[in-house]
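Have a look at the structure below, then the notes.
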Amino acid sequence: MNGTAHMIIGAGAGFLAANYIQAAPAETIALIGAGGVSGLIPDLDVDGKLRNTFTSSYQFLMTLAQVIGVAVIIYSWWAGTGQEMWKGIAAGLGIMLVSTFIKKRHLLTVAGAGAFAGGLFLGENWLLLFGIYIIIASLVSHRTYTHSLIGLAFFAIIAYYLQQSVRTEGILIACAGGYASHLAADMKWLPFNKRGVKLLLPLSRKEI
């Protein structure tokens with residue numbers, strides 16, 4: 001199933017969540033969006049459609065990193081003084097250097113590390129855990145752990161902390177429902193799926 005279909009089905013799960021809790025119109029839109037995005041998340045794994053979409057902009061992102069590095073150096077030289085200036089220049093050079101070593105296949109792993117660091121710095125558990133999820137997803141084969149009950153449970157924990165952070169009731173249900181809808185739509189019971197999902201990993205590798 002393609003990404004658009006997964007997003008639509010996930011958005012439907014978010015709509016059902018909104019109706020279940022009788023959310024206000026603004027919250028309903030937020031829950032539909034959360035369900036739609038969550039319906040795409042399992043495909044962050046290796047060869048997954050969402051991952052391939054993310055890494056297709058590799059050259060643009062690398063060029064952007066180089067430009068940011070140069071901008072940091074120029075700004076530090078122009079506005080900085082003493083140690084502050086040299087730290088800024090070193091940071092800019094570091095950005096430029098690191099970006100040259102990042103391979104396309106490692107881009108998502110680096111993004112996950114960035115999300116983890118951001119969550120740690122901001123004290124946001126959902127972002128920290130989502131960073132861990134992205135790192136793991138970037139390393140596992142398609143339709144394995146991200147398409148299992150373990151992946152669903154881990155993402156539900158992320159959604160729980162996100163709900164606490166944004167203080168919007170129904171986020172957990174919408175996100176978990178959107179994610180679960182992706183697994184259901186990738187199962188063998190649908191005639192257009194040649195492969196199923198290994199829902200019971202690591203206990204069983206049988207496709208369902």
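Would you mind stating whether Ile150 is more than 13 Å from the chain's Cα centre (by Cα), under 21 Å from Asp47 (Cβ atoms) and part of a helix (DSSP H, G or I)? Yes, satisfied.
Every listed requirement among (1) modelled with pLDDT of 85 or more; (2) not assigned by TED's automatic domain parsing to the domain that holds Ile8 is met by Gly82 save one, (1).
Which one is farthest from His147 (Cα to Cα), of the residues in the stretch 159-198 that are part of a helix (DSSP H, G or I) and in contact with an Asp or Glu (Cβ under 9 Å, 6 or more places away or on another chain)?
Just the residues of the stretch 159-198 that are part of a helix (DSSP H, G or I), to begin with: 159-166, 171-185.
With in contact with an Asp or Glu (Cβ under 9 Å, 6 or more places away or on another chain) added as a condition, the list becomes 161-163, 165, 182.
Values: Tyr161: 21, Leu162: 21, Gln163: 22, Ser165: 26, His182: 8 Å.
Ranking the qualifying residues of the stretch 159-198, first place goes to Ser165.
Filter the stretch 116-129 down to residues that are surrounded by 17 or more Cβ atoms within 10 Å (Cβ to Cβ) and among the hydrophobic types (A, V, I, L, M, F, W, C) and give me whichever is modelled with the lowest pLDDT. Explain how you work it out, then say what you get.
Quick first cut of the stretch 116-129, residues surrounded by 17 or more Cβ atoms within 10 Å (Cβ to Cβ) only: 116, 119, 124-129.
If we keep only those that are among the hydrophobic types (A, V, I, L, M, F, W, C) as well, we get 116, 126-129.
On the way: Phe116: 90, Trp126: 94, Leu127: 93, Leu128: 93, Leu129: 96.
Per the criteria, the residue is Phe116.
Only one of Leu201, Leu139 is assigned to a loop (DSSP other than H, G, I, E, B), over 17 Å from the mean Cα position of the chain (by Cα) and either at negative phi or surrounded by fewer than 19 Cβ atoms within 10 Å (Cβ to Cβ) (or both). Can you tell me which? Checking each option against the conditions leaves just Leu201.
Conditions (1) exposed (fewer than 14 other Cβ atoms within 10 Å of the Cβ); (2) of a type in the set (Phe, Trp, Tyr); (3) over 11 Å from Ile171 (Cα atoms), marked per residue:
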residue: Met1; (1), (2), (3): no, no, yes
residue: Ala5; (1), (2), (3): yes, no, yes
residue: Gly14; (1), (2), (3): no, no, no
residue: Ala18; (1), (2), (3): no, no, no
residue: Ala26; (1), (2), (3): yes, no, yes
residue: Ser38; (1), (2), (3): no, no, no
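Within the stretch 104-115, the set of residues being at pLDDT 85 or above and farther than 12 Å from Ile136 by Cα comprises just one member, Ala115. For the stretch 74-111, taking the residues that are surrounded by 12 or more Cβ atoms within 10 Å (Cβ to Cβ) and of a type in the set (D, E, K, R), the one that is farthest from the chain's Cα centre (by Cα) is identified as Lys87. Within the stretch 170-180, if we keep just the residues that are within 13 Å of Ile9 (Cα to Cα) and surrounded by fewer than 24 Cβ atoms within 10 Å (Cβ to Cβ), the residue that is farthest from the chain's Cα centre (by Cα) turns out to be Ala180.
The values are calculated or read from the model by the stated rules, or taken from the named source; none is laboratory data. Since the model is a prediction, treat every value here as computed from it, not as a measurement. Reconstructed Cβ throughout: ideal geometry from the backbone, glycine too, with neighbour counts over all protein chains shown.
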